[in-house]
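These notes concern the structure reproduced below.
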Amino acid sequence: MSVLDAFRVSCRAIAANGLRSVLTTLGMVIGVGSVIVLIAVGQGAQKGVQDQIRGLGQDLVFIKPSAPVRNGGPGAQTVARVGAASAQGLTKSDADAIATSGINGVAAVAPQISLELQAITADGNQEVTVIGTTPEYPAVRASAVADGDFITDADVTKKSLNLVLGSTIAKTLFPNGEAIGQRVRLSIGGRINLNFNVVGVMAPKGGSAGGTADEYVFVPVSTMQSRVGFVRSATGEVFVNQINVQTRPGADQAAVSAQISDLLLTRHRVSTPDFTIQTQNDLIGAAGQVSRTLSILLGSIAGISLVVGGIGVMNIMLVSVTERTREIGIRRAVGARGKDIILQFTTEALALCVGGGLLGIAIGVGLAIGIDGRTIASQTMTTVVQPWSVAVAFAVAAGIGAVSGSYPAYRASKLDPITALRNE
Amino acid sequence: MITLENVTKFYRSGTEVIRALDGVTLTIDRGEFVAIMGASGSGKSTMMNVIGCLDRPTSGKYLFEGHDIARLSDDARATLRSREFGFVFQQFNLLPRMSAIEQVELPMVYQDVRSRRRKARAALAHVGLADRMKHKPTQLSGGQQQRVAIARALVCDPRVVLADEPTGALDSHTGEEVMVIFESLVREQGITVILVTHEQEVAAHADRIIRMRDGQVVEDTGKRIRMLA
């Protein structure tokens, strides 16, 4: 019997038991569909996180103090460490030293000091994250100014009271119109009370790892240093929360990190680092690890349903062989060999599974594309349909078909023709 | 052509051993028209199954054209069966969902024969069913179903046709029609026909009658000149 003949016979047998075939196939449809959808969701999550990290900027190396950080004041959360702690924190002069060290591959250095402050306007007040930084920040962190200007070198030199608002906070503070030229008072309790001029508004950036950049308020780093007393150590050093280093395109970030580490160890006169250095790739890798685990978890759940579907197919094929004993006997009597019977029943199981697999692919891919960008339970879904997941799901479906069909087919082929013919 | 030498076939039914064939020795030549008669349980169907390579003897020798069948594998016997034998059963044994033409094509499917449709059409026309090709078994009378089964048995040009009570489920008139077809196979095409029956009138069409009882041949008329019915 040729494969084509076996296929024709299978199709007729499947069509003859329409409802049963559909129910049998349903297991494969759900299995294959859920493999594709769940892997697409897992991959979507991975892509989302990676995009966020890439959105931070390009070729970045982040240096953060690893020593515990004490609260800077009422309402402040993580602020630069105050001098009481034993280990040394990162200072503005560390950032300057990195910039002037001549380490090959360093393109720009932007330290940042962040504080939680109250922003007070005529319309009310709002707690904001204020970042003291330098004119390099937009370039290093892949941000752009939409209106007005960012902080300039002159602002830093003059320690001016100019600030730049993130796009969202600009709308929150000035819901009725133009923010530029308006005044914003920044305060913590009564200890600091400064009136700033709004000189610029940033372009929207969207979500990003570790806080929404659109909510930030930017001031010159020097203003933060000189006017906000408690970010200074007892010896007058200015602490920073983070030093952003941009490396030259193609530079070996590991080598740059190692040299920065050496420099800081020497400057801090310690043998074990009191800071952590992370490259952007480290972050992407770490995030990838998490979402890969997620993908594997989701994929395994889907895989289980695929196996359950396969068991269903095998069960139905066994029933089918028993029911069609007489048919098998007739076929044997007119010349079917054992291998013809095996071919027939294996093909039938394969056709069921492959048919179910194709339907599952259509439904899975459709569903994955359908939920992409939609909000489900206040979570915006991102899905990425992976061609390999489609291929794997299909191959597994076909494999299960072959396996679950072969045992019933073998049983069918071993039926004694005489007994099979006598079967009513 | 067909030689059985001291063939036995035992079945085990619980603790009891049933001697379906008990030392049968027999020779059937090409072109013979043989009727095997006997009461039910006499072993006549078993003998037909053994001759048709559907069943293997427990002991003894079965030579078909000089080949020892017992030494062939399952698949080899299936191949031999599909090439040399055509079967006709009392219950027709047609597949319920297939049209007449597809039933007749079935043996050719397993032999990878070309132009099946044409050959199947010719075989159906030969048994007088040219106008019933698309009919399914339920749409055909018993006699028509049996003729489909005969067409199916003949389509691969077998040398031997084995018929197990072919008229058993038919009334005497249609049974007679079927017997006429069998006779023409022998007379016109030189096909060997071996027929199992317990009806004297049916057996009367044959040239040779073998009577069986308890798994043994009790009478063999040998090849004889045909009696007038």
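Key figures
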| read-out | value |
| --- | --- |
| Flag if B:M47 is touching a strand residue (DSSP E or B) at 6+ places or on another chain (Cβ under 7 Å) and open to solvent by less than 20 Å² (accessible area, probe 1.4 Å) | yes |
| Close pairs from segment B:171-193: first farther than 18 Å from B:Q145 by Cα, partner open to solvent by 30 Å² or more (accessible area, probe 1.4 Å) and modelled with pLDDT under 90, Cβ under 8 Å, at least 6 apart | B:T192/B:M1 |
| All positions within segment B:70-124 that are crowded, with 20+ Cβ neighbours inside 10 Å, at the interface with chain A (Cβ under 7 Å from one of its Cβ atoms) and in a helix (DSSP H, G or I) | B:A78, B:R81, B:S82, B:L106, B:P107, B:V109 |
| Selected residue (only one of A:V354, A:V319, A:V334, A:V365 is in contact with a strand residue (DSSP E or B) (Cβ under 9 Å, 6 or more places away or on another chain) and open to solvent by 10 Å² or more (accessible area, probe 1.4 Å)) | A:V334 |
| Output for segment A:122-152, where each listed residue is surrounded by fewer than 20 Cβ atoms within 10 Å (Cβ to Cβ), touching a Pro at 6+ places or on another chain (Cβ under 9 Å) and assigned to a strand (DSSP E or B) | A:V145, A:A146 |
| Of all residues in segment A:1-50 being of a type in the set (V, I, T), within 14 Å of chain B (Cβ to nearest Cβ) and open to solvent by less than 50 Å² (accessible area, probe 1.4 Å), the one that is farthest from A:L359 (Cα to Cα) | A:V9 |
| Subset of segment B:141-155 (residues that are in a loop (DSSP other than H, G, I, E, B) and either within 9 Å of B:A123 (Cβ to Cβ) or open to solvent by less than 10 Å² (accessible area, probe 1.4 Å) (or both)) | B:V155 |
| Members of segment A:372-422 that are open to solvent by less than 60 Å² (accessible area, probe 1.4 Å) and within 14 Å of chain B (Cβ to nearest Cβ) | A:A412, A:S413, A:L415, A:P417, A:I418, A:A420, A:L421 |
| Subset tally (residues that are outside any loop (DSSP other than H, G, I, E, B), in contact with a helix residue (DSSP H, G or I) (Cβ under 8 Å, 6 or more places away or on another chain) and touching a residue at least 40 places away in the same chain (Cβ under 8 Å)) for segment B:125-140 | 1 |
| Those residues of segment A:159-181 which are in contact with a helix residue (DSSP H, G or I) (Cβ under 8 Å, 6 or more places away or on another chain) and open to solvent by 60 Å² or more (accessible area, probe 1.4 Å), in sequence order | A:K159 |
| When residues of segment A:315-340 are limited to those that are within 8 Å of chain B (Cβ to nearest Cβ) and β-branched (V, I, T), the one nearest to A:G27 (Cα to Cα) | A:I330 |
| Filter pass, B:D55 being within 14 Å of another protein chain (Cβ to nearest Cβ) and more than 15 Å from the chain's Cα centre (by Cα) | no |
| Enumeration of residues in segment A:243-267 that are crowded, with 16+ Cβ neighbours inside 10 Å and not in a helix (DSSP H, G or I) | A:I243, A:N244, A:V245, A:Q246, A:T247, A:A251 |
| All positions within segment B:51-69 that are touching a residue at least 24 places away in the same chain (Cβ under 8 Å), open to solvent by less than 30 Å² (accessible area, probe 1.4 Å) and touching a Phe, Trp or Tyr at 6+ places or on another chain (Cβ under 6 Å) | B:G52 |
| All positions within segment B:20-52 that are within 11 Å of chain A (Cβ to nearest Cβ) and in a loop (DSSP other than H, G, I, E, B) | B:G52 |
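The values are calculated or read from the model by the stated rules, or taken from the named source; none is laboratory data. Note that the structure is predicted; figures quoted are calculated from it, not measured. We place every Cβ from the backbone using ideal geometry, glycine too, and count neighbours over all the protein chains shown. Note: accessible area is taken over every heavy atom of the protein model, side chains too, but ligands, DNA and RNA are not part of it. Shrake-Rupley method; radii C 1.70, N 1.55, O 1.52, S 1.80 Å.
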